[in-house]
Amino acid sequence: GAGVSQSPSNKVTEKGKDVELRCDPISGHTALYWYRQSLGQGLEFLIYFQGNSAPDKSGLPSDRFSAERTGGSVSTLTIQRTQQEDSAVYLCASSLTRTTDTQYFGPGTRLTVL
Amino acid sequence: RKEVEQDPGPFNVPEGATVAFNCTYSNSASQSFFWYRQDCRKEPKLLMSVYSSGNEDGRFTAQLNRASQYISLLIRDSKLSDSATYLCVVNGDFGNEKLTFGTGTRLTIIP
């Protein structure tokens, strides 16, 4: 079946602009995660959605970052007033229900802020 | 101290050799442990979960040492296709169970 998809695959933007990154999880997966990975760094947790519960936003690095998940499916990560340090690969993952179920990752969105 | 620490490598190992790497974690309340594999410029994929009693999947063996708070991955009869970065992953306390990923250990198998 279809895996996790993300769009766009690459995004180049100018400092100060807003960007939106999209994630389509695997159908039926109630848990959805956003991570980012900078060059040579590990995955940094950003936000976690589980069903209808309030999202765990504890990993968002600043108030410029926000995410929503509509209808329990598609999610959008928005970064406002982008900065150069936001440049990274943004990875979305989904799992069946819990964080400890296998997380299936999308191919990521490579964001470059000039 | 980092929540999850790994030797970044690189480990350059001849084909057919056995290689092992460890990972230490700081949260003694962690209950779930995993190894994920990430190929160059690709997304991570689950390699195997790590169980208290240790577990094996073909050429791969994972072990957990709760007393010393480390997990290990052993790869026997290494293949060229094993070249990748191996990510150690640990969950948090009950009620805060999001996963923490290590920065990974890079492995290159040499023909």
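The values are calculated or read from the model by the stated rules, or taken from the named source; none is laboratory data. Fair warning: this is a prediction, and the values are worked out from it, not measured in the lab. Methodologically, a virtual Cβ is constructed for each residue, glycine included, from the backbone with ideal geometry; neighbour enumeration extends over all protein chains shown. Each accessible area value is taken on the protein alone, full model and side chains, heavy atoms only, with ligands, DNA and RNA left out. Shrake-Rupley method; radii C 1.70, N 1.55, O 1.52, S 1.80 Å.
Per-structure values
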read-out	value
Selection status of B:SER83, of a type in the set (Gly, Ala, Ser), open to solvent by 30 Å² or more (accessible area, probe 1.4 Å) and more than 14 Å from every other protein chain (Cβ to nearest Cβ)	yes
Some residue of segment B:53-68 being under 28 Å from A:ALA31 (Cα atoms), within 14 Å of chain A (Cβ to nearest Cβ), open to solvent by less than 40 Å² (accessible area, probe 1.4 Å) and small (Gly, Ala, Ser)	no
Residue selected from segment B:89-105 under the condition more than 10 Å from every other protein chain (Cβ to nearest Cβ) and crowded, with 20+ Cβ neighbours inside 10 Å, by the criterion modelled with the lowest pLDDT	B:VAL90
Exclusive hit being farther than 25 Å from B:PHE33 by Cβ, within 9 Å of chain B (Cβ to nearest Cβ) and at pLDDT 95 or above, set A:PRO107, A:PRO8	A:PRO107
Which listed residue, of A:ARG69, A:ARG81, is away from chain B (no Cβ under 14 Å) and touching a Cys at 6+ places or on another chain (Cβ under 9 Å)	A:ARG69
In segment B:13-51, the residues that are touching a residue at least 24 places away in the same chain (Cβ under 8 Å), over 17 Å from B:LEU74 (Cβ atoms) and either more than 13 Å from every other protein chain (Cβ to nearest Cβ) or surrounded by 13 or more Cβ atoms within 10 Å (Cβ to Cβ) (or both)	B:TYR25, B:SER26, B:ASN27, B:SER28, B:ALA29, B:SER30, B:GLN31, B:SER32, B:GLN38, B:PRO44
Selected residue (only one of A:LEU91, A:LEU43 is hydrophobic (A, V, I, L, M, F, W, C), at the interface with chain B (Cβ under 9 Å from one of its Cβ atoms), over 11 Å from the mean Cα position of the chain (by Cα) and open to solvent by less than 60 Å² (accessible area, probe 1.4 Å))	A:LEU43
Positions within segment A:55-73 being within 16 Å of A:LEU91 (Cα to Cα), of a type outside the set (A, V, I, L, M, F, W, C) and in contact with a Lys or Arg (Cβ under 9 Å, 6 or more places away or on another chain), in sequence order	A:GLY59, A:PRO61, A:SER66
